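The block underneath contains the structure these notes are about, expressed in structure tokens.
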Amino acid sequence: MKVELKELAIELYNVGAIRTGSFITKVGLETPIYIDLRVIISYPQLLLRLSKSLWSLVDNKDFSHVCGVPYTALPIATVISTESNVPMIIRRKEAKSYGTKKMIEGIFKTGDTPIIIEDIITSGSSIIETVKDLQNEGLNVTTALVIVDREQGGRDNLEKAGITVKTLFTITQLLGYLFESSKLSEESFKEIKDYINAVKAPLKVQDDNIRLKQTFMARANVAKNSVTSKLFKLMSEKQTTLCLAADFTVCQEIIDLADLAGPHIAVLKIHVDIIEDFDKSFVQKIKSISKKYNFLIMEDRKFADIGQVVSYQYKKGVYKIAEWADLITAHPVPGSGILQGIKEGLNEIAEDRGIFLVAEMSSEGALTTGDYVKSAVAMSKNSDLVAGFVCQKNIFTDPGLIQLTPGVKLTKSSDSLGQQYNTPQDVIHSGGDIIVVGRGITQSTDKLASILEYKKILWEAYESRIEDC
């Protein structure tokens, strides 16, 4: 085995999978050695030899599946699965935002015992995150096979988490083979060994549920946007997560509904451009009602043009939205220029304002998926105007932002135009903080009863979420 490992070490060095110099690891540490096993996919025989050697580390191969940590270990796991005839499952980096929305791909059942395949461990965080997702599906994970252990704390972290680790190489062994073969100078060999002995890697495991565990009042204190903070406090004080979508085309119908629902809602959401008899008096009346009952007004304009045009749409024209809407919605599709355009539209406005970026939509076949969602979340980090996101699931971790989720009814359903509805419990436990309800209330024969029912069910689901997390 020692001869085989030495040959593999030399071959990895020769193909550029092991390099010396100055590099930054995934967990942010500066390192004089960098191991990049992604290159082995271009060397099929090396990939095969590594995979077979790794699989030979386990005597008892009574595992239900192999599961490679994405992405480098996936081809290794594929080879092991094919050569050993053990089924494979894949843990996605993020859940699909379409179709089945699975986190784990493949055929499995509760109680199955997969073995984890990984290329390198530094802190062990990638394996721990993978194990967590597999355990969430009812799988029993106890063992991980790793090609290289950098000996910087990863093994200890994994063993504390109940995972047995078997490695093909420790980095000390790997360096020894390379030094013996004159691939490393004595100076480099000593420098890297001293570094490994001196520097340990911190365990960084992302907790996607951190904001779901916190109360609205706690999150109010960490919000960058003042309207967001106000909304958190308002929801907590009124014990409501209800955003009422008053999609009426006549001013008086909206005013009457706002007056009825005001004591029980956090936000009144309107589409001002569908109102047929709009005038300035409508704005005065709706603002007066919002102050009376302490709720915010959202204009669901979904701005989506270049910055200059959006600036005019926001502050000028018939509606002068910037003057009265506490919150607006905007599509991130034009890029960060849209945030700058909205900011310029507020140059003469003294009141605080907030933006909800539309990261996902509730309509069937929506194209707001994948990298688009990630880019939308990234946009928020450079603007204190962003109050949160319009989305269907937990796509961000910042507790100072709000998830606004539309498409809610007491039972799952859809309409003839592709709108899909989820239950209050589903959306709250999927990360929803403030929930948009429209036709479930506006088409009710007893609107007040429906308002009270939604308010109660949604608040109970929020309280349950905090307790469950």
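The values are calculated or read from the model by the stated rules, or taken from the named source; none is laboratory data. Just so we're clear, the structure is a prediction, and the values are computed from it rather than from any experiment. Cβ coordinates were reconstructed from backbone atoms using ideal geometry, including for glycine residues, and neighbour counts include every protein chain displayed.
Details
- Residue within the stretch 369-382 that is aromatic (F, W, Y), assigned to a loop (DSSP other than H, G, I, E, B) and modelled with pLDDT under 95 present: no
- Verdict on I321 being buried (at least 17 other Cβ atoms within 10 Å of the Cβ) and over 16 Å from I349 (Cβ atoms): no
- Residue that is surrounded by the most Cβ atoms within 10 Å (Cβ to Cβ), among those in the stretch 133-165 that are under 25 Å from the mean Cα position of the chain (by Cα) and among the acidic types (D, E): D133
- Residue ID - farthest from A220 (Cα to Cα), chosen from residues in the stretch 230-266 that are free of Cβ contacts under 8 Å to residues at least 60 places away in the same chain and of a type in the set (D, E): E253
- Test for T130: is it surrounded by 22 or more Cβ atoms within 10 Å (Cβ to Cβ) and assigned to a helix (DSSP H, G or I): yes
- Within the stretch 246-279, tally of residues that are in a loop (DSSP other than H, G, I, E, B) and of a type in the set (A, V, I, L, M, F, W, C): 7
- Tally, over the stretch 201-220, of residues that are at pLDDT below 90 and touching a Leu at 6+ places or on another chain (Cβ under 9 Å): 3
- In the stretch 434-457, the residues that are surrounded by 24 or more Cβ atoms within 10 Å (Cβ to Cβ) and out of contact with any His (no Cβ under 8 Å at 6 or more places or on another chain): I434, I435, V437, I441, Y454
- There is at least one residue in the stretch 280-290 that is over 19 Å from V227 (Cα atoms), small (G, A, S) and either without any contact (Cβ under 8 Å) to a residue 40 or more places away in the chain or not assigned by TED's automatic domain parsing to the domain that holds A376 (or both).
- Residue in the stretch 212-234 that is touching a Ser or Thr at 6+ places or on another chain (Cβ under 6 Å), crowded, with 16+ Cβ neighbours inside 10 Å and either aliphatic (A, V, I, L, M) or not in a helix (DSSP H, G or I) (or both) present: yes
- Leading residue by the ranking (farthest from Y71 (Cα to Cα)) among those in the stretch 103-127 that are buried (at least 22 other Cβ atoms within 10 Å of the Cβ) and under 21 Å from the mean Cα position of the chain (by Cα): G124
- Yes/no for F389 being under 26 Å from A258 (Cβ atoms), surrounded by 15 or more Cβ atoms within 10 Å (Cβ to Cβ) and either modelled with pLDDT of 85 or more or among the small types (G, A, S) (or both): yes
- All conditions in (1) more than 15 Å from T228 (Cβ to Cβ); (2) free of Cβ contacts under 8 Å to residues at least 24 places away in the same chain; (3) surrounded by 21 or more Cβ atoms within 10 Å (Cβ to Cβ) hold for S380, with the sole exception of (1).
- Screening the stretch 99-147 for residues that are within 15 Å of K160 (Cβ to Cβ) and small (G, A, S) and picking the one that is modelled with the highest pLDDT gives A144.
- Test result for L244, aliphatic (A, V, I, L, M), surrounded by fewer than 22 Cβ atoms within 10 Å (Cβ to Cβ), closer than 30 Å to S281 by Cα and assigned by TED's automatic domain parsing to the domain that holds I434: no
- Within the stretch 11-20, the residues that satisfy the criterion of being among the aliphatic types (A, V, I, L, M) and surrounded by 17 or more Cβ atoms within 10 Å (Cβ to Cβ) are L12, A17, I18.
- Here the stretch 404-433 is the region considered, the condition is being modelled with pLDDT of 70 or more and small (G, A, S), and the residue that is surrounded by the fewest Cβ atoms within 10 Å (Cβ to Cβ) is S430.
- Scope the stretch 30-79; condition assigned to a helix (DSSP H, G or I) and among the β-branched types (V, I, T); matching residues: V39, I40, I41, I76, T78, V79
- Residue within the stretch 322-333 that is over 27 Å from N422 (Cβ atoms) and free of Cβ contacts under 8 Å to residues at least 40 places away in the same chain present: yes
- Those residues of the stretch 21-57 which are of a type in the set (S, T, N, Q) and either crowded, with 19+ Cβ neighbours inside 10 Å or out of contact with any strand residue (DSSP E or B) (no Cβ under 8 Å at 6 or more places or on another chain) (or both), in sequence order: T31, S42, Q45, S51, S56
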